[in-house]
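The values are calculated or read from the model by the stated rules, or taken from the named source; none is laboratory data. Because the structure is predicted, anything quoted here is derived from the model rather than measured. Virtual Cβ from ideal backbone geometry, glycine too; neighbours counted across all protein chains shown. These accessible areas exclude ligands, DNA and RNA; they are computed on the full protein's heavy atoms, side chains included. Shrake-Rupley method; radii C 1.70, N 1.55, O 1.52, S 1.80 Å.
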Amino acid sequence: VINAMEGIDIVFHLAANPDIRLGTSVTDTDLKQGTVATYNVLEAMRIKGVKKIAFSSSSVVYGEADVMPTPEDYGPLFPISLYGASKLGSEALITSWVGTFELQAWIFRFANIVGARGTHGVIFDFIHKLRADSTRLEVLGNGLQEKSYMEVVDCAAAMIHLTETANEPVNCFNLGTHDTCSVRRIAEIVIEETGFENVSIEYTGGDRGWAGDVPKTMLDPTLLYDTGFTPNYNSEEAIRHTASTLIQEIGLDEN
């Protein structure tokens, strides 16, 4: 990590465990791949004199927020997953490095980010389930889970835009859209995009997909929009675009 800092002006720190569910069985995953990894990045920056960091945090730091849409100044922050705890711990490390070693930071609290070349997540899982059996689709939970989504190119463009326009010592922004989409609607969109007919959607029950899953999140992206940034896709459009793209990438030829 230290050698990689040579000649760097700003570090975009995007590395983390991408599978929130993994933390329920391998409990040190997010500690090692999230919080400790963030410490290592920050310490390498300190040693090499790199002063700017942009960090991919997450909406899960808000936990089960009772204010929706949830703004950046919502608190106290009580995440309910090990992944969320790791992201919040990383945020605290970053702001402490700002205060102690005079770094400048951009903390981006992501909505659910979807798009081309995805390797996990609900859309990816639904496509693979339908690829194996085009007559039924199992959905974890009751399908009423509802979250904000953002397309990956929009997300990357927002990050670059904000590092060029926001200039406080610590700049914290929600990255998302003004709407949400339910898991049930995602299932319907994926089925529509596959072209399969007479698919039975079957729910496992319960108000969340797994332990640590937040049943509903809706970010308030007003601060982002106020800087002049507008995403190309809302939540449902991002999901449909992603489903169409991943179906082309993955194929449906197992049936």
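May I ask you to list the residues in region 121-159 that are open to solvent by 30 Å² or more (accessible area, probe 1.4 Å), of a type in the set (A, V, I, L, M, F, W, C) and either touching an Asp or Glu at 6+ places or on another chain (Cβ under 8 Å) or within 18 Å of Asp19 (Cα to Cα) (or both)?
Val122, Phe124, Ala132, Leu140, Leu144, Val152
Restricting attention to region 231-255, which residues are touching a helix residue (DSSP H, G or I) at 6+ places or on another chain (Cβ under 9 Å) and outside any helix (DSSP H, G or I)?
Pro231, Asn232, Tyr233, Gly251, Leu252, Asp253, Glu254, Asn255
How about region 180-207: which of its residues are within 22 Å of the chain's Cα centre (by Cα) and buried (at least 18 other Cβ atoms within 10 Å of the Cβ)?
Answer for region 180-207, where residues must be within 22 Å of the chain's Cα centre (by Cα) and buried (at least 18 other Cβ atoms within 10 Å of the Cβ): Thr180, Cys181, Val183, Ile186, Ala187, Ile189, Val190.
Could we say that Ile186 is within 21 Å of Pro231 (Cα to Cα) and without any contact (Cβ under 8 Å) to a residue 12 or more places away in the chain here?
no
With respect to Ile123, determine if the residue is under 18 Å from the mean Cα position of the chain (by Cα) and in a helix (DSSP H, G or I).
Values: under 18 Å from the mean Cα position of the chain (by Cα): yes; in a helix (DSSP H, G or I): yes.
When the stated conditions are applied, Ile123 passes them.
Just checking, which of Gly205, Gly176 is of a type outside the set (Ser, Thr, Tyr), touching a residue at least 12 places away in the same chain (Cβ under 8 Å) and within 30 Å of Trp97 (Cα to Cα)?
Only one candidate passes the filter, namely Gly176.
Quick check, is Asn3 at pLDDT below 95 and farther than 23 Å from Glu146 by Cα?
Working: at pLDDT below 95: yes; farther than 23 Å from Glu146 by Cα: yes.
Answer is yes for this residue.
Looking at region 105-120, which of its residues are open to solvent by 40 Å² or more (accessible area, probe 1.4 Å), outside any loop (DSSP other than H, G, I, E, B) and of a type in the set (A, V, I, L, M)? Explain how you work it out, then say what you get.
First, pick out the residues of region 105-120 that are open to solvent by 40 Å² or more (accessible area, probe 1.4 Å): 112-113, 116-117, 119-120.
Okay, now just the ones that are also outside any loop (DSSP other than H, G, I, E, B), so 112-113.
Listed by number, the list holds a single entry, Ile113.
Any chance you could count how many residues in region 61-104 are open to solvent by 20 Å² or more (accessible area, probe 1.4 Å), β-branched (Val, Ile, Thr) and closer than 20 Å to Ala158 by Cβ?
Qualifying residue count, region 61-104: 0.
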